[in-house]
Amino acid sequence: MADRRQVLRFGALAAGVPAVLGAAATPALATGGHGDHRGPLIVGHRGASGYRPEHTLASYELAARLGADYIEPDLVITKDRVLVARHEPEIGGTTDVASRPEFASRKRTVLLDGVSVTGWFTHDFTLAELKTLRATERIPQLRQHNTLYDGLFQVPTFQEVLDLRKRLEQELDREIGVFPETKHPTYFRRLGLELEAPLVRSLRRNGLDRADAPVLVQSFEAKNLATLRAAYKLRAPMVFLTGAAGSPFDDPKTYAEYLKPAGLRELSRYADGIGPDKSQVIPRTADNTLGTPTSLVADAHAAGLKVIPYTFRAENQFLPADYRAGTDPAAYGRAIAEQVAFLKTGLDGLFTDQPDIGVLARDAVLARV
Ligand code: G3P
Ligand code: CA
C-alpha cells in the first residue's frame, strides 16, 4: 500500500501534526498538494447540504463553486441496478414520494441492518420511476431556507454526479474529487443488488480507478473495503468510516477496536485513511463543551492513515455548547472556530455541510502556519 499512499493528494497542517511524524508525513503543505489549495481537504458533505437539499446536482455544484475539494455522494441502488445518490435506501425523508398516490402501495417495512424501517425504498423503484420524484429538504425545521428548493431537483445517478464533476473541473479549471460512500453494502448484497460491481465499473468507465485519481471510496463496513481491494482489485484510495459507538454491520469488531493502534495497522493493509466521527478526534465534555483531543490523529498517522472526520455543521444544534451563539438551534454559531480547533489537531481533511466555512477555517489555520 505504501506506493499507493505516496500519490494521495492530502496535506495535513504542519503546525498541528505531531513532531514524531516529521516533514515527510506532510508533503502537500509545502508543495501545493491537491489542486490549487494547500492543506487539508474540504469535503462537501452530501454536496453543500447546508444550502441545498442534500444529494442533488445543485447541492454538489454549489459545493464545488464554494471551494470544496471533494464532493460526497452516498450511494444506494435501484431495482434495475443503477447507483443513485441518497443517504439511505429509504426515500420518504428526502423526496416527495409520500405525496405521490401512484407509489402509495410501495410503502412497506424492511429490516435494515437489524433496524425496522418503514417507508419507500430505492430498491423497489426503477430508475425511470425514481426520476419522477423530486428532492426535498431533510431537516426543514433547521434549514427552512432550503425548502425554497423543494420540488426542483431529481435524485441523481452516480454517473450524473461524475459528469457534473468533470464539467465543473473544466469550467473552474481545478481538480474536483469525488468521495463516494457505499451505503449498507451487506444489506444490498443480500437483496441480490450488490453495490461493489457497479461502483467499480463506473469508476473504471470514467477513468477514475487509479491510485492517483481524485477519488476516495468510503464505507462504514471495513469488510466492504477489504473486498473492494482484494476481490474487485479497486486501485482508487479508500477511507474507513467509524461510528462513535457500535461496530460495522456483519462484523463483531467494534469501531473502538478498529481505532486502536493494532486496528489501525490492520486497516492500513487495504485502506488509505479513516473517517471518524469528529467526537473520536475531540470528544465533548460532560457539559457538552469541546474537550481535549485524543491520540487518534497521531495514531492513525503512525499507521500511515489519513484522518478526515465528519460532520461539521454551522448550526447551533450541532455545535459544542461553548461554540454556540444564542439559543436558536437553527442559528449559526462559531462554526469557523470549531473547525479551526479540529484542524489544529493535524487533520487531513473534514466533511462539512457548508464547504465555504471549511475553506475559511482552513485559510485561517494556514495563515498562522
Ligand atoms: O461519509 C462521511 C459521513 O457522511 C458519514 O456519515 O451518515 O452522513 O453518511 P453520513
Ligand atoms: Ca456519507
Point to revise | Single unsatisfied condition, Ile91 versus (1) without any contact (Cβ under 8 Å) to a residue 40 or more places away in the chain; (2) crowded, with 24+ Cβ neighbours inside 10 Å | key: (1)
Check your understanding: Which residue pairs have Cβ atoms closer than 7 Å, lie 6 or more positions apart in sequence or on different chains, and pair a first residue in the range 48-60 that is surrounded by 24 or more Cβ atoms within 10 Å (Cβ to Cβ) with a second residue that is aliphatic (A, V, I, L, M) and part of a loop (DSSP other than H, G, I, E, B)?
Key -> Ala48/Leu66; Gly50/Ala314; Ser59/Ala48
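Mind listing whichever residues of the range 133-165 are polar (S, T, N, Q) and crowded, with 16+ Cβ neighbours inside 10 Å?
Here is the first cut: in the range 133-165, the residues polar (S, T, N, Q) are 136, 141, 144, 146-147, 154, 157, 159.
Within the range 133-165, Thr136, Asn146, Gln154, Thr157 meet the criteria.
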Point to revise | Search result, residues across the range 265-305 that are within 16 Å of ligand 2 (Cβ to nearest atom), in contact (Cβ under 8 Å) with a residue 40 or more places away in the chain and not in a loop (DSSP other than H, G, I, E, B) | key: Gly273, Gly275, Lys278
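Condition check ((1) open to solvent by 30 Å² or more (accessible area, probe 1.4 Å); (2) part of a loop (DSSP other than H, G, I, E, B); (3) without any contact (Cβ under 8 Å) to a residue 12 or more places away in the chain) across all residues:
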| position | (1), (2), (3) |
| --- | --- |
| Asp322 | yes, no, no |
| Ala325 | yes, yes, yes |
| Pro329 | yes, yes, no |
| Phe342 | no, no, no |
| Gly346 | no, yes, no |
| Phe351 | no, no, no |
| Leu360 | yes, no, no |
| Val365 | no, no, no |
Practice item. Residue by residue through the range 216-243, note down the ones that are under 15 Å from the mean Cα position of the chain (by Cα) and assigned to a loop (DSSP other than H, G, I, E, B). Key: Leu216, Phe220, Glu221, Pro237, Gly243
**Study point:** From Ala244, Ala262, Ala222, Ala231, residue being at pLDDT 95 or above, within 16 Å of ligand 2 (Cβ to nearest atom), of a type in the set (A, V, I, L, M, F, W, C) and open to solvent by 20 Å² or more (accessible area, probe 1.4 Å)
**Key:** Ala244
Study note, to complete from the structure: Here the qualifying pairs (Cβ atoms under 9 Å; residues six or more apart or on different chains; first in the range 217-237 and aliphatic (A, V, I, L, M); second open to solvent by 60 Å² or more (accessible area, probe 1.4 Å) and not in a loop (DSSP other than H, G, I, E, B)) come out as Ala222/Glu266
Point to revise | Condition check for Asp212: touching a Leu at 6+ places or on another chain (Cβ under 7 Å) and over 24 Å from Val84 (Cα atoms) | key: no
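Conditions (1) modelled with pLDDT of 95 or more; (2) more than 15 Å from ligand 1 (Cβ to nearest atom); (3) more than 29 Å from Val215 (Cα to Cα), marked per residue:
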{"site": "Lys278", "(1), (2), (3)": "yes, no, no"}
{"site": "Arg284", "(1), (2), (3)": "yes, yes, yes"}
{"site": "Ala303", "(1), (2), (3)": "yes, yes, no"}
{"site": "Ala314", "(1), (2), (3)": "yes, yes, no"}
{"site": "Ala331", "(1), (2), (3)": "yes, yes, yes"}
{"site": "Leu360", "(1), (2), (3)": "yes, yes, no"}
{"site": "Asp363", "(1), (2), (3)": "yes, yes, no"}
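The values are calculated or read from the model by the stated rules, or taken from the named source; none is laboratory data. The structure displayed is predicted, hence computed values, not measured ones. Here the Cβ is made from the backbone with ideal geometry for all residues, glycine too, and neighbour counts use every protein chain on show. When the accessible area is computed, the model is the full protein with side chains, heavy atoms only, and any ligands, DNA or RNA have been set aside. Shrake-Rupley method; radii C 1.70, N 1.55, O 1.52, S 1.80 Å.
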